[in-house]
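Report on the following structure.
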Amino acid sequence: MKFVQDMTAGSPSKLLVSFSLPILAGSLIQQLYTMTDSIIVGRFVGADALAAIGACGSLTYLFFSLFFGLSAGIGIIIARYFGAGKDEQVQKGIANSVFLLLGAAILLTVTGICFARPILLYLGTPSDILKDAVAYFQITSAGILGVAFYNGISSILRALGDSKTPLIFLVIASLLNVGLDLLFVLVFHLGVAGTALATSLAQFVSACTCLIFALHTNPFFRLKKEQFRPDKILLGQMTHIGLPLALQDALIAISCVALQTVINSFGTAIVAAFTATNRIETMLGQIYLTMNTALSSYTAQNLGAGKVSRVREGTRFCVWITAAFSLCMVVLMHLFGSAFMTLFVDDTSVIQTGAFALALTSWFFIAWGLLYIFRGVLNGAGNAAFAYISGILEVVGRVGSAVLLTSLPLIGQWGIWLSEGITWILVACAGIICYLHGTWARRTA
């Protein structure tokens, strides 16, 4: 049981820190090779190529987000059974997760490959970057199976308290991704298509190697043939939690897709600036996402064991970490925003636009962090109602405020970035209210 950790006993703060560090390292590495795509394309192919990746970035996230939600739902159910000491149900849950992940992967792969061009045209993608955007989206769609199973396996391992194994193989895949990026772009001159191909291949390697290692080291993955029979109760539980979480992530992605249409209307330079600032913020915001992931597994295990007070203690600890980190980010963005932008482009106007935008959105980072903390707790508790509310607020906040603010003469293009901050505040407030109401704890306990 070396690769399994029980989080229902011991110091909550120490457990969360030790469990979170590998997740944070993995998230940073994952973002690093995502940024590598953008840096290589932006510096060696051009700003138009970077804009092409950004133009379909939110659409790619929409497809991938369905697996983030399904994987999270699978992990929550498995963590509850693990926390309750029901090992047989844990193994049946792992076996049944294959049906959900495989079915969704096939559906979205076909959709992405067949309908990439009409979807991007509908979103108003600028004509000068349309060809590259279509190629990037089609190739990343072809790699969805790897995304589905890597996220599924990682979620299960984290549910069992193992956050280190996914990190090991993510490092391998990341190094492979960087090497393939350089090979396909600098040697074979495949441009945007090369970066997409490198990422897709790396995702497949990450999924396969992680699964092979888990089969050899984690006793819960040593499944019997009869455990692969569809279990209506388990599939129903996973679907009951996984679908709201998938819908939550899908609505977030839809709001980002809608925002992208507003961004596209300002031209290629603004698309490039937003793509770069989005990459930077995503990298720096990994600590928030890490706490979200850790709190979700931690909450599910402890509520499975009926230990609500431990969940509250862990939540308080994460709130303090978020406050301190957010304050540091305000200072960092104001001092080094331009330096961060030069990693992606050398166009002076794009750098200036992005630097100001980073300083502007940094004031909203505290709300962004709190959003992830309370979403992690409520998702871990299986609070489907909050998942729906959160997703709806993301759409209303991001799309509504972007359309309104960008139409005001004194705000204009800056409304794109302000809409992000307003959305974070709305969802954070909803999460805090739901958490303080306490229904999630009473119902689950």
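Quick one: count up the residues across segment 236-251 that are surrounded by fewer than 18 Cβ atoms within 10 Å (Cβ to Cβ) and touching a residue at least 24 places away in the same chain (Cβ under 8 Å). Walk me through it before giving the result.
Going residue by residue through segment 236-251, those that are surrounded by fewer than 18 Cβ atoms within 10 Å (Cβ to Cβ) are 236, 239-240.
Among the residues that remain, those that are also touching a residue at least 24 places away in the same chain (Cβ under 8 Å) are: 239-240.
Adding up the residues that qualify gives 2.
Of the candidates ALA367, ALA428, ALA381, ALA357, the single residue that is more than 30 Å from GLY236 (Cβ to Cβ), buried (at least 24 other Cβ atoms within 10 Å of the Cβ) and in contact (Cβ under 8 Å) with a residue 12 or more places away in the chain is ALA357.
Tell me, please, whether a residue that is of a type in the set (Asp, Glu) and within 29 Å of HIS189 (Cβ to Cβ) can be found in segment 74-88. Among the residues of segment 74-88, not one is of a type in the set (Asp, Glu) and within 29 Å of HIS189 (Cβ to Cβ), which makes the answer no.
Among the residues making up segment 128-172, those that are farther than 22 Å from ARG80 by Cα and of a type in the set (Ser, Thr, Tyr) are TYR136, THR140, SER141. Within the bounds of segment 308-319, is there any residue that is over 25 Å from the mean Cα position of the chain (by Cα) and surrounded by 19 or more Cβ atoms within 10 Å (Cβ to Cβ)? Yes, segment 308-319 has at least one match. In this structure, is ASN302 farther than 26 Å from THR439 by Cβ and in contact (Cβ under 8 Å) with a residue 12 or more places away in the chain? In short, no. Against the test of being within 28 Å of LEU215 (Cβ to Cβ) and either buried (at least 23 other Cβ atoms within 10 Å of the Cβ) or among the charged types (D, E, K, R) (or both), the options ALA72, ALA52, ALA25 yield a single qualifying residue, ALA72.
Listed here are the residues, each with its yes/no results for (1) within 19 Å of the chain's Cα centre (by Cα); (2) in a helix (DSSP H, G or I).
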| position | (1), (2) |
| --- | --- |
| VAL345 | no, no |
| SER349 | no, yes |
| GLN352 | no, yes |
| ALA355 | no, yes |
| LEU358 | no, yes |
| SER362 | no, yes |
| PHE365 | yes, yes |
| TRP368 | yes, yes |
| ILE373 | yes, yes |
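What number of residues within segment 399-445 satisfy the criterion of being over 21 Å from the mean Cα position of the chain (by Cα), among the polar types (S, T, N, Q) and over 20 Å from SER309 (Cβ atoms)? Counting residues in segment 399-445 that are over 21 Å from the mean Cα position of the chain (by Cα), among the polar types (S, T, N, Q) and over 20 Å from SER309 (Cβ atoms) gives 4. Taking the conditions exactly as written (of a type in the set (S, T, N, Q), surrounded by fewer than 16 Cβ atoms within 10 Å (Cβ to Cβ), in contact with a Ser or Thr (Cβ under 8 Å, 6 or more places away or on another chain) and assigned to a helix (DSSP H, G or I)), does GLN301 satisfy them or not? Against the criterion (of a type in the set (S, T, N, Q), surrounded by fewer than 16 Cβ atoms within 10 Å (Cβ to Cβ), in contact with a Ser or Thr (Cβ under 8 Å, 6 or more places away or on another chain) and assigned to a helix (DSSP H, G or I)), GLN301 does not qualify. Sort through GLY391, GLY382, GLY421, GLY397 and tell me the only one that's modelled with pLDDT under 85 and touching a Phe, Trp or Tyr at 6+ places or on another chain (Cβ under 9 Å). Among GLY391, GLY382, GLY421, GLY397, only GLY382 is modelled with pLDDT under 85 and touching a Phe, Trp or Tyr at 6+ places or on another chain (Cβ under 9 Å).
So is ALA258 under 26 Å from ILE39 (Cα atoms) and under 24 Å from the mean Cα position of the chain (by Cα) or not? Before the answer, list the steps.
Details: under 26 Å from ILE39 (Cα atoms): yes; under 24 Å from the mean Cα position of the chain (by Cα): yes.
Criteria met by ALA258.
Name the residue, out of LEU343, LEU284, LEU295, that is aliphatic (A, V, I, L, M), touching a residue at least 40 places away in the same chain (Cβ under 8 Å) and farther than 24 Å from ASN151 by Cα.
Numbers: LEU284 fails: farther than 24 Å from ASN151 by Cα; LEU295 fails: farther than 24 Å from ASN151 by Cα.
Answer to the check: LEU343.
Taking the stated definitions as given, is PRO118 crowded, with 16+ Cβ neighbours inside 10 Å, more than 19 Å from the chain's Cα centre (by Cα) and closer than 28 Å to GLY46 by Cα? Judged against the criteria, PRO118 is not a match. The set of residues from segment 120-137 being β-branched (Val, Ile, Thr) and at pLDDT below 90 comprises THR125, ILE129.
The values are calculated or read from the model by the stated rules, or taken from the named source; none is laboratory data. All of these numbers come straight from a predicted model, not from anything done at the bench. Methodologically, a virtual Cβ is constructed for each residue, glycine included, from the backbone with ideal geometry; neighbour enumeration extends over all protein chains shown.
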